[in-house]
1. Cα convex hull of region 388-468: mean projected area in nm², to one decimal?
2. What's the magnitude of the charge dipole for region 245-465 around its Cα centre, counting Lys and Arg as +1 and Asp and Glu as -1 at the beta-carbon? Answer in Debye, nearest 20.
3. Relative to the longest principal axis of the C-alpha atoms of the chain, give the angle of the C-alpha long axis of helix 422-435, reported between 0 and 90° and rounded to the nearest 10°.
4. Using mean Cβ contacts within 10 Å as the protection proxy, how do 236-245, 252-261 order, highest first?
5. Under a plain spin-label model, where a point goes 7 Å from the Cα along Cα-to-Cβ, how far apart in nm are residue 456 and residue 402?
6. Can you grab the distance from the C-alpha centre of region 59-102 to the C-alpha centre of region 249-309, Å, no decimals?
7. With only alpha-carbon atoms in the gyration tensor, what are the semi-axes of the equivalent ellipsoid for region 2-230, in Å, largest first?
8. So which aspartates and glutamates can residue 335 reach, going by Cα to Cα under 18 Å and dropping same-chain residues fewer than 8 places off?
Amino acid sequence: MGGFFGVASKQDCVFDLFFGIDYHSHLGTRRGGMTVYGEAGFNRAIHNIENSPFRTKFDKDIHEMRGNMGIGCISDYEPQPLLVRSHHGTYAIATISKINNINELIQELFKTGHAHFLEMSGGEINATELVAALINQKDNLVEGIKYALGAVDGSLSLLLMNEKGIYAARDEYGRTPVVIGRKEDAFCASFEDFAYKNLGYSDYKELGPGEVVVISYDKCLTLVNPNKDMKICTFLWVYYGYPASSYEGVSVEQMRYNCGAKMADRDNVKPDIVAGVPDSGTAHAVGYANESGIPFSRPFIKYTPTWPRSFMPTIQSKRNLIAKMKLLAVDDLIKDKSLLLIDDSIVRGTQLRETTEFLYQSGAKEVHIRPACPPLLFGCKYLNFSRSSSEMDLIARRVIERLENGDVTDEVLKEYANPETEKYENMIEEIRKELNFTTLRYNRLDDMLDATGLERCKLCTYCWDGQE
């Protein structure tokens with residue numbers, strides 16, 4: 001996916017910018033970038049961070065950069081921020097986006113006289129360059145940002161910096177967050193609210209869906225008022241979000257405790273211990289253990305000194321191997337034990353099957369699996385949760401395809417999404433057998449949504465039930 005951070009300060013902003021961006025390292029693995037603006041104009045650096053953390057790649061740059069405004073990002077895909085020269089003047093721009101209609105937008109821009117787009121390696125167009133081109137279709141920046149937000153099918157949040165300030169815009173349906181922090185003589189804009197807390201900022205405001213603001217060192221002005229409708233991604237709490245994060249006033253850690261408690265209330269197995277797949281499954285497991293009274297334990301530990309980030313490397317087969325190599329067994333907590341293991345989700349199933357085999361090989365008597373969210377039936381249309389080329393990469397869809405002999409319609413999928421149906425039970429049993437779990441019980445959609453405490457109409461559930 002990706003995350004961004006921006007600072008407008010009366011003093012030099014580089015220290016705050018550097019660490020604010022670094023606090024988004026859990027959201028991306030391929031590119032890091034930062035751009036500052038000062039007396040000497042714009043100064044930008046972009047590095048590949050696939051094999052080194054953001055801090056190590058940019059340590060030299062921060063000693064050479066000076067400026068009182070800056071934006072930067074961590075990205076899974078396109079290099080950014082970009083520097084753009086247009087009739088709006090020169091500006092830097094960073095985006096968090098998933099653009100489903102990218103080809104249609106490109107063709108429309110060609111018709112209006114846009115000359116060309118640069119291709120990245122792999123032949124793809126840089127999505128941030130496309131967003132800049134959309135913004136440049138209008139006579140002023142605010143109208144251009146509004147136009148870009150409305151033109152994108154998918155999701156788009158952005159930071160744009162020129163000599164006047166930093167413009168921050170949240171996706172039209174608020175699918176990803178944008179928050180503003182404040183301290184004396186400085187404002188910041190961030191994806192994650194915890195990213196600015198240790199830098200001395202306090203919460204100022206959370207942008208609403210479609211809201212556009214501009215910040216300078218002494219003020220934050222709303223330029224476009226927020227929309228009423230919201231569809232924020234529920235996976236932010238279940239998986240993406242760091243434990244210290246909060247979205248719409250709801251703590252990620254507390255939501256995961258709530259999730260685990262609701263799973264415990266519906267369960268009937270009595271294992272010896274409850275454990276979470278590190279790291280995002282851990283808090284769900286704590287909630288389950290607290291509610292059930294079954295002891296929480298850590299029967300395996302993730303080795304993080306040299307493999308700190310769960311997303312890397314980007315090649316799926318290598319990522320599966322590294323995920324397995326990271327886990328170190330605590331044999332005394334596994335041997336002859338019945339384990340209940342909670343993970344945030346089951347996507348392809350490969351890693352969890354290997355983890356289960358790893359526990360059996362370490363002497364586990366039983367391994368009961370409890371994903372913290374319902375079966376994933378649809379590929380995400382709104383966030384870059386996965387760039388899988390086919391929904392058949394999802395184990396639930398593969399099993400449904402097999403059970404239905406290839407005749408899978410939207411109506412059939414609705415039945416499989418309903419935990420009260422026989423088709424749902426058949427699907428769960430097939431997944432259990434394929435992945436060799438002792439038992440398998442997914443969290444229910446209604447329980448998961450209740451765990452957030454937000455109104456259901458404000459939450460995106462597309463990947464579980466196909467509802468937009």
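A short reminder: the numbers here are calculations on the coordinates, not readings from a lab. The shown structure was predicted, so the numbers you read here are calculated from the model rather than taken from an experiment. Quick reminder, even Gly has a Cβ in these numbers, built from the backbone with ideal geometry, and neighbours come from all protein chains shown.
1. Mean shadow area of the hull around the Cα atoms is 6.3 nm².
2. Values: 30 positive and 34 negative charges, 189 e Å.
With only Lys, Arg, Asp and Glu charged at Cβ, the dipole is about 900 debye.
3. Between helix and principal axis, roughly 90 degrees.
4. Values: 236-245: 21.7, 252-261: 23.4.
Going by the mean number of other Cβ atoms within 10 Å, highest first, we get 252-261, 236-245.
5. 3.1 nm
6. For region 59-102 versus region 249-309, the Cα centre distance is 37 Å.
7. Square roots of five times the eigenvalues give 25, 20, 17 Å.
8. Once the sequence-local aspartates and glutamates are set aside, what remains near residue 335 is 272, 354, 357, 366.
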